Amino acid sequence: MAKILVTGATGFIGNYVVQQLLNNNCQVIATSVSEAKARSFSWFSQIKYIPFSTDTFDNTIDYYKFFDSPDLIIHLAWKGLPNYKSLFHFEDNLPKQYNFLKNLLLNGAKDITVTGTCFEYGMKEGLLSEDIVTNPANAYAIAKDTLRKFIQELQKIHSFQFKWIRLFYTYGTGQNSNSLLSQLDKAIDSGDDVFNMSGGEQVRDYLPVEKVAEYIAHIALQNKVTGIINCCSSNPVSIKQFVEDYLDGKFLNIKLNLGYYPYTDYEPMAFWGDNKKLKTILNNERSN
């Protein structure tokens, strides 16, 4: 039974990843800032919980032993979202994140999976594959892309397995209240006749959070495919169509006030992920 440390376990995706790992009969060590929040999840009694914040990081501590010497690590923790433009991401969060992960790796960790972001690709449009040179255009993406490069440099002088998962657009219960579908659900619950949104022409790549958690577990638990791996559907859809499909699935009709909000300036109009590497992992699992 694999012993897995999950950081950011009480986050939107972390909650689902912990449950997915338990479904896979893994032994889970979960960590986050708030134990009170962790106790609110149904999985709490089934895992070992160790509270931790990178704000209290102390390099004299062996965090590999501190977290009970896990077989592998799934690092999801990241503060400051969804404020993608905040300099906090690379001024404060980046060095703390790197020093924490470096401490784990130098003290004995041999297998680490870290989540990145599709924003690392920058303002490129169309189908995005993992071999495209990154050019991040916001502070969050710059920090994530730099963290990946730091870990890759460390890997040149210290041996460990490394998987970097580039997440595209995730949706589902528990997501940030400012997200598109959270705002739509709020309008629905309030009985609004109109939903204000952007023009909706942006093309994106969406996956439900349950599927994202499933893919993260599959990626982390194997080592045939490593390095950068897109976590995506590879099915481009406009935001307008996505919202309409969501409403149709709930048999609801609400008028969309398109163009109410301007388009963001930190992401391209149309992009989606190439999931060939992800499919290879899933196909390998089915053939075993």
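Based on what the data block shows, is residue 219 farther than 26 Å from residue 139 by Cα, out of contact with any Pro (no Cβ under 9 Å at 6 or more places or on another chain) and in the same structural domain as residue 18 (by TED's automatic domain parsing)? The answer is yes for residue 219. For residue 58, the criteria (1) without any contact (Cβ under 8 Å) to a residue 40 or more places away in the chain; (2) within 22 Å of residue 209 (Cβ to Cβ); (3) not in a strand (DSSP E or B) hold in every case but one, which is (2). Taken together, the criteria place residue 212 among residues that are β-branched (Val, Ile, Thr) and under 21 Å from residue 12 (Cα atoms).
Name the residue, out of 30, 9, that is at pLDDT 95 or above, assigned to a loop (DSSP other than H, G, I, E, B), surrounded by 23 or more Cβ atoms within 10 Å (Cβ to Cβ) and not polar (S, T, N, Q). First the steps, then the outcome.
Values: 30 fails: assigned to a loop (DSSP other than H, G, I, E, B).
Being at pLDDT 95 or above, assigned to a loop (DSSP other than H, G, I, E, B), surrounded by 23 or more Cβ atoms within 10 Å (Cβ to Cβ) and not polar (S, T, N, Q) holds for just one of 30, 9, which is 9.
Of all residues in the range 188-213, those satisfying the criterion of being touching a strand residue (DSSP E or B) at 6+ places or on another chain (Cβ under 8 Å), part of a loop (DSSP other than H, G, I, E, B) and surrounded by 16 or more Cβ atoms within 10 Å (Cβ to Cβ) are 197, 200, 202.
Taking the conditions (1) of a type in the set (Lys, Arg); (2) within 20 Å of residue 61 (Cβ to Cβ); (3) surrounded by 22 or more Cβ atoms within 10 Å (Cβ to Cβ) in turn, residue 144 satisfies each one other than (2). Flag: residue 190 does not match the condition of being among the hydroxyl-bearing types (Ser, Thr, Tyr), within 22 Å of residue 269 (Cβ to Cβ) and at pLDDT below 95.
Suppose the filter is among the acidic types (Asp, Glu), surrounded by fewer than 17 Cβ atoms within 10 Å (Cβ to Cβ) and assigned to a loop (DSSP other than H, G, I, E, B); does residue 185 pass it? Answer is no for this residue.
Restricting 46, 19 to residues that are among the polar types (S, T, N, Q), under 21 Å from the mean Cα position of the chain (by Cα) and surrounded by fewer than 22 Cβ atoms within 10 Å (Cβ to Cβ) narrows the list to 19.
Listed by first and then second residue, the pairs with beta-carbon distance under 7 Å, at least 6 apart or on different chains, first residue in the range 119-141 and under 14 Å from residue 168 (Cα atoms), second buried (at least 18 other Cβ atoms within 10 Å of the Cβ) and basic (Lys, Arg), are 120/144; 120/166; 130/277. Among the residues of the range 210-226, those identified as in contact with a helix residue (DSSP H, G or I) (Cβ under 8 Å, 6 or more places away or on another chain) and within 23 Å of residue 148 (Cα to Cα) are 212, 213, 214, 215, 216, 217, 218, 219, 222, 224, 225. Between 253, 283, the distinction of being at pLDDT below 95 and assigned by TED's automatic domain parsing to the domain that holds residue 142 belongs to 283 only.
For the range 71-100, a residue qualifies if it is more than 19 Å from residue 33 (Cβ to Cβ), touching a helix residue (DSSP H, G or I) at 6+ places or on another chain (Cβ under 9 Å) and part of a loop (DSSP other than H, G, I, E, B), and the qualifying residues are 84, 85, 87. Note on the range 12-27: residues that are under 22 Å from residue 97 (Cα atoms) and either free of Cβ contacts under 8 Å to residues at least 40 places away in the same chain or part of a loop (DSSP other than H, G, I, E, B) (or both) amount to 1. Within the range 241-288, the residues that satisfy the criterion of being assigned to a loop (DSSP other than H, G, I, E, B) and within 25 Å of the chain's Cα centre (by Cα) are 263, 264, 265, 266, 267, 268, 269, 274, 275.
The values are calculated or read from the model by the stated rules, or taken from the named source; none is laboratory data. The model shown is predicted, which means the values in this text are computed figures rather than measured ones. Glycine gets a Cβ as well: all are built from the backbone with ideal geometry, and neighbour counts include every protein chain shown.
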